[in-house]
Amino acid sequence: MACGVPSTATSPAEQLHRDAEAIHALGVSGVQARTITADGRELVSTSGSAELHSGAPVDPEGYFRMASTAKTLVATVVLQLDAEGTLSLDDSLAHWLPEVVRGSGIDADHITVRQLLQHTSGIHDDLPGYTTAAEYYGQRHDIYTSAQLVSRALSHAPDFAPGAGWSYSNTGYLLLSMLIERITGRASHREIQDRILTPLAMNRTRWLGTSPTLPDPHATAYQFFGPGAELDVTDQIAVDPETLSWVSTTRDENIFLRALLSGRLLPPHQLAAMKQTVPVSTDLQPMWPGGRYGLGLAERPLSCGGIYFGHEGGDGGYITLNGVAPDGTRSTVVSMSEALGDTPEHILAQESAASTFIDHALCSRDLNPTT
């Protein structure tokens, strides 16, 4: 179904269910979604099954790996430290982590905290990953430290001079997690817990560390590598346990995004800085049409006019897209427990169908009377 304001011939709940079914129809095993409207109503949609062989229904309260959505958690802590005067967004990487970047060949004196947050540092990205079943079974329990992963990335030449381009860099956020620990004396996951999760009562967002398993309930995660190559990839350790080993639920992600955009976590100056965006790279535009990136937040246009913010995450078979109005009044999260990773066309189709779900949820005048 094309993006746009949904037809008034169907109810809001029916429209969201149709959009979840459209994702499932692509071959995605399980879909769970939750939308919170401008007037506080909560609508839940599920489709498919939590486990292919048993056909068990998808639990709308199920856990999934947050993956890169956790970057927004990291960015929020960094901006809180900026608000407290502990650091400045214009501080250099060399100032805070000189021993980490010494001899790497990158211009660390001119890479700023802001550029790390915005993916404009030029630092090359090189995380381990798998593209076949054999690679998954061979790597799924490998454990890396952030320092090891950063060293691996810094062995490459920069993609561009600091500030001269945009390129998505997981490594930049590993460095930000290390920076948080350097400044506070505590691991970044502890700062996230105390500064964000506990105040917001996000009791179902958890740091797993090096555990390869998720708490119950959760759907089985699958990676589709092509016909006859649908693999259960639930059992694995996050490639960077410190920064990426988070699980959450659709309820908790909605709570976080609404609190963040409504100003409950950051002062106005830092929230405004977070929402100052630059265009993403041309190679990412097909996935994020019209996409722009701020400081740990992506900005996307709505078909009904205006924009929304969010940060999707994809790892270990779980792919999650989310969106929140700029003022935090309405939000939606859709999580899929299968990644269609066999062809660029299938990857784009899954991304587009999930983006349509977000667009309809945030554009529906029935759901959002202030739209």
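The values are calculated or read from the model by the stated rules, or taken from the named source; none is laboratory data. Being a predicted model, the structure only gives us computed values, none of them experimental. Reconstructed Cβ throughout: ideal geometry from the backbone, glycine too, with neighbour counts over all protein chains shown.
Please pick out the residue among Leu116, Leu97 that is touching a residue at least 60 places away in the same chain (Cβ under 8 Å) and under 19 Å from Phe160 (Cα atoms). Working first, answer last.
Working: Leu97 fails: under 19 Å from Phe160 (Cα atoms).
None of the others qualify; the one that does is Leu116.
Every residue, every condition in (1) within 26 Å of Gly317 (Cβ to Cβ); (2) assigned to a helix (DSSP H, G or I), yes or no:
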| position | (1), (2) |
| --- | --- |
| Gly40 | no, no |
| Ser49 | yes, no |
| Ser54 | yes, no |
| Glu61 | yes, no |
| Ala75 | yes, yes |
| Asp82 | no, yes |
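Which of the numbered conditions does Glu99 fail, given that it passes all the others? Conditions: (1) among the charged types (D, E, K, R); (2) surrounded by fewer than 19 Cβ atoms within 10 Å (Cβ to Cβ); (3) at pLDDT 95 or above.
(3)
Can you spot a residue in the stretch 84-92 that is among the charged types (D, E, K, R), surrounded by fewer than 23 Cβ atoms within 10 Å (Cβ to Cβ) and in contact (Cβ under 8 Å) with a residue 12 or more places away in the chain?
Filtering the stretch 84-92 down to residues among the charged types (D, E, K, R) leaves 84, 90-91.
Still in the running and surrounded by fewer than 23 Cβ atoms within 10 Å (Cβ to Cβ): 84, 90-91.
Still in the running and in contact (Cβ under 8 Å) with a residue 12 or more places away in the chain: 90-91.
Yes, there is a match, as at least one residue in the stretch 84-92 is among the charged types (D, E, K, R), surrounded by fewer than 23 Cβ atoms within 10 Å (Cβ to Cβ) and in contact (Cβ under 8 Å) with a residue 12 or more places away in the chain.
Just give me the residues in the stretch 122-167 being of a type in the set (Ser, Thr, Tyr) and either assigned to a helix (DSSP H, G or I) or within 22 Å of Leu179 (Cα to Cα) (or both), in sequence order.
Looking only at the stretch 122-167, we keep the residues that are of a type in the set (Ser, Thr, Tyr), and these are 130-132, 136-137, 144-146, 151, 155, 167.
Those that are of a type in the set (Ser, Thr, Tyr) and either assigned to a helix (DSSP H, G or I) or within 22 Å of Leu179 (Cα to Cα) (or both): Tyr136, Tyr137, Tyr144, Thr145, Ser146, Ser151, Ser155, Ser167.
Taking the condition within 18 Å of Tyr318 (Cβ to Cβ), β-branched (Val, Ile, Thr) and surrounded by 15 or more Cβ atoms within 10 Å (Cβ to Cβ), does Thr220 pass?
Details: within 18 Å of Tyr318 (Cβ to Cβ): yes; β-branched (Val, Ile, Thr): yes; surrounded by 15 or more Cβ atoms within 10 Å (Cβ to Cβ): yes.
Considered against the rule, which asks whether it is within 18 Å of Tyr318 (Cβ to Cβ), β-branched (Val, Ile, Thr) and surrounded by 15 or more Cβ atoms within 10 Å (Cβ to Cβ), Thr220 comes out as yes.
Please specify each residue of the stretch 155-174 satisfying the condition of being over 17 Å from the mean Cα position of the chain (by Cα) and either surrounded by 15 or more Cβ atoms within 10 Å (Cβ to Cβ) or more than 21 Å from Glu242 (Cβ to Cβ) (or both).
Within the stretch 155-174, the first condition is being over 17 Å from the mean Cα position of the chain (by Cα), and the residues that meet it are 155-166.
Answer for the stretch 155-174, where residues must be over 17 Å from the mean Cα position of the chain (by Cα) and either surrounded by 15 or more Cβ atoms within 10 Å (Cβ to Cβ) or more than 21 Å from Glu242 (Cβ to Cβ) (or both): His156, Ala157, Pro158, Asp159, Phe160, Ala161, Pro162, Gly163, Ala164, Gly165, Trp166.
Only one of (1) surrounded by fewer than 20 Cβ atoms within 10 Å (Cβ to Cβ); (2) in a helix (DSSP H, G or I) fails for Gln115. Which number is that?
(1)
Scan (1) under 19 Å from the mean Cα position of the chain (by Cα); (2) modelled with pLDDT under 95 for the single condition Ala221 breaks and write down its number.
Here Ala221 meets the rest and fails (2).
Could you check the stretch 241-283 for helices (runs of 4 or more DSSP H) lying wholly inside it with 2 or more residues that are touching a strand residue (DSSP E or B) at 6+ places or on another chain (Cβ under 7 Å) and within 30 Å of Tyr144 (Cβ to Cβ)? Even if it seems obvious, please write down each step before you answer.
On the way: elements: 241-244, 250-261, 268-274.
Counting at least 2 such residues, we get 250-261.
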